[in-house]
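Contents: one structure, followed by commentary.
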Amino acid sequence: MARQHVFLNVRTNSNSSCLNIIQPVRKSVPAGFSVFKTGETPEVFLYLESGELEAVTINQSGKEQVLFKVQEKEVVGVPTLIEKEPLAYDIKASADSTYLQIDEECLASALKASPVWLLAATRQIVLHSKRAKADIKKTLCKNKSRALAAFLCMQAEVKIANGEVAIFKDARELLRECSWLSRIPQKDLVDELISLERRHFLMRQENSIGIQNPELLKAYVDYQNSLEYGDDFAPFHLNLTEKRCLFCIARQPSDTVLEASVWLSLLKGNDKFATVAEIIMLTNFGILEKTEFGLLAINKEKVDWFMMCLKHEADIRGAI
């Protein structure tokens, strides 16, 4: 359709002048007509005069999914004109529709006829929009490895809680979801996934991921948190005597309950340098828990966690 030129007298804030305002192209399409395809960069946006348009994408099942609808007097595709972004969806007519197609030349001619205050307001709105979009895309996760490990740990725990094995058959979809939540680029997550595999936190086979021990991933996240906040990661700050006390407790039946003095005698039998300080340390770390009557019982979960961290210290620290 040939472009129409309309000549209007427009009074601006500066001088009265006759400006050439280029009218947008008007198009009418039948229901079902595909206006634009995903990936195209039609440097125009549309103003719908009548009918209805739909933004459509293809979901994982291969079926069409309507993202949103465009009603009369609404616009669609502004970023394709202002920011030259390719469309992330198809635009189809869901009913017989008529729309105006506004390109850069048409928009520029209209803006020239606008008062300066309207131009300033428009410019400010565009800048705010760009900043908002940049903020949305900007990740708040400085530690990408920790973010991925925490996400995988959470997903694995959900599967285990449902009585399933922590195996994910579609690694790409898993990373896509993590990328959406964390705003970390998917290609960066792929690199971090390889790093976690080298630390023996997970196994990869073709496009699937298996996580045998989510607690190990959780320990890695705790260790990274300790580094960020300048705290000591308790398992890696035990001296030799403290480690021997831990190993001694790990060898005892999990239901063992003793007085503090008896525990001290037991620990001294394993390491002559054990003192009351080790009993206090074990209690502070929750390895030994106080019960009624002043007795101390073994916290098996805490003992197992400390033992696991020490066993996998090289992997957790990254000394591989």
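The values are calculated or read from the model by the stated rules, or taken from the named source; none is laboratory data. What you see is a predicted model; the values in this text were computed from it and never measured. Backbone-built Cβ (ideal geometry, glycine too); neighbour counts: all protein chains shown. Each accessible area value is taken on the protein alone, full model and side chains, heavy atoms only, with ligands, DNA and RNA left out. Shrake-Rupley method; radii C 1.70, N 1.55, O 1.52, S 1.80 Å.
Numbers below:
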item: Pair list, Cβ under 9 Å, 6 or more apart: region 217-241 residue without any contact (Cβ under 8 Å) to a residue 60 or more places away in the chain, other residue of a type in the set (Asp, Glu) and part of a loop (DSSP other than H, G, I, E, B); result: Ser226/Asp232; Leu240/Asp271; Thr241/Asp271
item: Val303 being touching a helix residue (DSSP H, G or I) at 6+ places or on another chain (Cβ under 7 Å) and open to solvent by 80 Å² or more (accessible area, probe 1.4 Å); result: no
item: Odd one out for Ser145, checked against (1) at pLDDT 90 or above; (2) over 14 Å from the mean Cα position of the chain (by Cα); result: (2)
item: Odd one out for Glu83 among (1) modelled with pLDDT of 90 or more; (2) open to solvent by less than 80 Å² (accessible area, probe 1.4 Å); (3) under 31 Å from the mean Cα position of the chain (by Cα); result: (1)
item: Candidate set: region 235-252, residues that are part of a loop (DSSP other than H, G, I, E, B) and open to solvent by less than 60 Å² (accessible area, probe 1.4 Å); chosen: the one farthest from Glu289 (Cα to Cα); result: Leu238
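Yes/no matrix, rows are residues, columns are (1) modelled with pLDDT of 95 or more; (2) outside any strand (DSSP E or B); (3) open to solvent by 10 Å² or more (accessible area, probe 1.4 Å); (4) out of contact with any Leu (no Cβ under 9 Å at 6 or more places or on another chain):
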position	(1), (2), (3), (4)
Leu174	no, yes, yes, no
Leu181	no, yes, yes, yes
Ile184	no, yes, no, no
Asp191	no, yes, yes, yes
Leu196	no, yes, no, no
Arg204	no, no, yes, no
Ile209	no, no, no, no
Gln212	no, yes, yes, no
Leu227	no, yes, yes, yes
